[in-house]
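Read-outs throughout are calculated quantities, based only on the coordinates presented, and are distinct from any laboratory measurement. Keep in mind that this is a model prediction, so the values were computed, not measured. No Cβ is skipped: glycine too gets one built from the backbone with ideal geometry, and neighbour counts run over all protein chains shown.
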Amino acid sequence: MEIIGIIMFLVIFILILLGYPVALTLAGVATIFGLLFVPDFLDLLPLRIMGVMQNYVLIAVPLFIFMGLMLEKSGLAESLLETMAKLFGTVRGGLAVSVVIVGALLAASTGIVGATVITMGLISLPTMLKQNYDPKLATGVIASAGTLGQIIPPSIVLILLGSVLNVSVGDMFSAALVPGLLLVSIYIAYILIIARLNPKLAPAPEVIDEVKDRAFYMNTLKAFLMPLLLILAVLGSIFSGLASPTEAAAVGALGAVILTAINGKFSMSDIKEVSRSTTHLTSMVFLILLGATTFALVFKGLGGDTYLTQLITTGDLSPTAFLLLVMLVVFIAGFFIDFIEIIFIIVPVVAPIFIAMEMDLVWIGILLALNLQTSFLSPPFGFALFYLKGVAPPEITTGQIYRGIIPFLILQILVLLLVFLWPNVIYLV
């Protein structure tokens with residue numbers, strides 16, 4: 001019976017790789033196996049589904065999605081990038097540094113990777129190419145900065161991982177803060193160093209005629225103030241204990257609407273479009289979640305989780321060796337399937353083993369989040385690379401994007417190794 005559970009897992013994985021819809025594949029295959037081998041377990045499915053639908057934490061998902069999509073309409077990215085480019089105008093590689101900082105601010109404001117990569121690609125890539133930046137460096141900077149929303153809170157990935165691992169989302173947000181800032185810092189350091197060592201990659205900036213007077217600094221303060229207030233309202237309320245992640249998400253959604261209105265970009269047509277997109281994305285996430293719930297129930301009924309635990313125990317795998325194995329599997333899976341499927345298919349299978357080994361689940365969650373972020377950038381199927389290619393000028397080739405992302409991929413792996421070797425780094429905040 002345990003072997004049947006493993007076979008079911010493999011059948012689902014193969015069907016997903018063949019292109020069948022993830023949610024329907026999970027639910028359909030699991031239901032067929034359940035009816036054939038453990039029909040009594042399916043009687044528990046309605047209770048499991050209601051448990052998911054009544055999960056208060058998961059209300060944060062549509063709220064954060066709405067916040068991110070609304071901010072995309074607000075013109076926030078354009079004003080931030082313009083301001084940062086002026087601030088770093090005299091620094092070699094300053095425009096690339098600006099892209100990273102704006103990417104980090106957008107990550108802390110939205111948490112949606114696709115929207116950030118597309119927005120940054122449309123706004124900053126033509127400007128960087130016009131200033132004779134090397135296309136590989138320009139695309140690498142934009143793609144890597146756009147994926148910071150995977151690890152910098154508030155992040156949809158962290159919410160889903162917290163739900164699956166059954167740990168506090170607030171703890172996940174707090175633990176992700178230092179790794180996220182480390183990633184931003186190491187990106188900026190790399191850009192400044194590589195621009196100095198090889199000036200052809202980032203030519204000397206054009207002389208800026210604008211005088212940096214009081215008006216300039218007031219405009220700069222205005223550009224930063226509103227997004228920083230929104231970040232403070234969302235993350236500050238969570239970290240201070242004033243609000244739960246779900247309540248903070250509601251504050252963020254309202255704040256995004258207000259910010260968009262202040263910028264003069266608010267309209268009822270935008271509200272309809274954002275609401276429609278939010279509904280679509282939320283439905284996709286929850287449909288996959290319900291399919292994964294069906295799969296997890298049948299997998300448990302078949303004894304698959306017990307079999308895997310016994311397999312690891314009898315194989316004398318240490319907790320560290322097992323963790324490395326899981327991280328490798330997640331990394332490879334990220335080449336082929338989306339992070340949502342990985343969270344809902346692989347993580348529930350291995351979570352009981354981590355619990356049995358008495359490992360720190362918050363630390364595990366941060367490692368998985370960093371790993372999933374890395375998979376967004378991994379050729380040949382990194383989703384961020386496809387997003388960027390879709391909005392890049394015709395002269396930018398896929399090969400240039402692939403080659404440009406390699407240094408940033410290595411930097412991400414270095415941060416992942418740092419968090420792996422020094423777990424206490426996540427508790428510095």
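Multiplying the residue separation of N424 and A321 by 0.36 nm and removing their Cα-Cα distance gives an extension gain of 35.1 nm. The distance linking the stretch 4-47 with the stretch 368-417 is 32 Å (Cα centroid to Cα centroid, whole angstrom). Report summary: the helix-based calculation at 222 nm, which adds -39500 (n - 2.57) for every DSSP H run with n ≥ 4 and divides by the residues of the chain, gives -24500 deg cm²/dmol. Of the peptides 101-108, 50-57, the order by per-residue mean of other Cβ atoms within 10 Å, starting with the highest, comes out as 101-108, 50-57.
Using per-residue counts of other Cβ atoms within 10 Å, averaged over each peptide, order 149-161, 246-258 from highest down. Intermediate values should be presented prior to the final figure.
Values: 149-161: 27.2, 246-258: 21.6.
Ranking, from highest mean packing down: 149-161, 246-258.
Residue separation of F335 and L242 scaled by 0.36 nm, minus their Cα-Cα distance, works out to 29.6 nm of gained length. If the segment from L225 to L417 were pulled out straight at 0.36 nm per residue, it would be longer than the present Cα-Cα gap by 65.7 nm. Counting other Cβ atoms within 10 Å as a rough exposure proxy, the listed residues I288, I332 run I332, I288 from fewest neighbours to most. Comparing E72, E358, E82 in a Gaussian network model of the chain where C-alpha atoms under 10 Å apart are linked, the largest mean-square fluctuation is found at E358.
Label-to-label distance for M218 and Y56 is 4.5 nm, based on points extended 7 Å past Cα in the beta-carbon direction. The label point for T127 and the one for M268, both projected 7 Å from the Cα toward the Cβ, are 3.5 nm apart. For the stretch 2-427, the relative contact order comes to 29 percent (Cα pairs under 8 Å, sequence separation of at least 6).
Pairs K73/K222; K130/K265; K130/K389; K73/K130; K136/K389: which are spaced more than 20 Å apart, C-alpha to C-alpha? Flagged as over cut-off: K130/K265; K73/K130.
Our Cα-only numbers for the stretch 1-107 put the radius of gyration and Dmax at 23.6, 70 Å. For the chain, the normalised intensity computed at q = 0.08, 0.14 Å⁻¹ comes to -0.46, -1.32 (log10 of I(q)/I(0), Debye sum over alpha carbons, equal scatterers, no solvent).
The alpha carbon gyration tensor of the stretch 1-64 gives principal lengths a ≥ b ≥ c with a/c of 1.5 or higher and a/b no greater than b/c, which makes the shape oblate.
Any idea what the dipole of the stretch 2-427 comes to, in debye rounded to 20, about its Cα centre with Lys/Arg Cβ at +1 and Asp/Glu Cβ at -1? Write out the running numbers ahead of the final one.
Details: 17 positive and 22 negative charges, 205 e Å.
I would put it at about 980 debye.
Protection proxy ranking of 386-395, 162-171, by the mean of other Cβ atoms within 10 Å over each peptide's residues and highest first, is 162-171, 386-395. Among residues other than T260 with Cβ under 9 Å from its Cβ, the summed charge is +1 (Lys and Arg +1, Asp and Glu -1).
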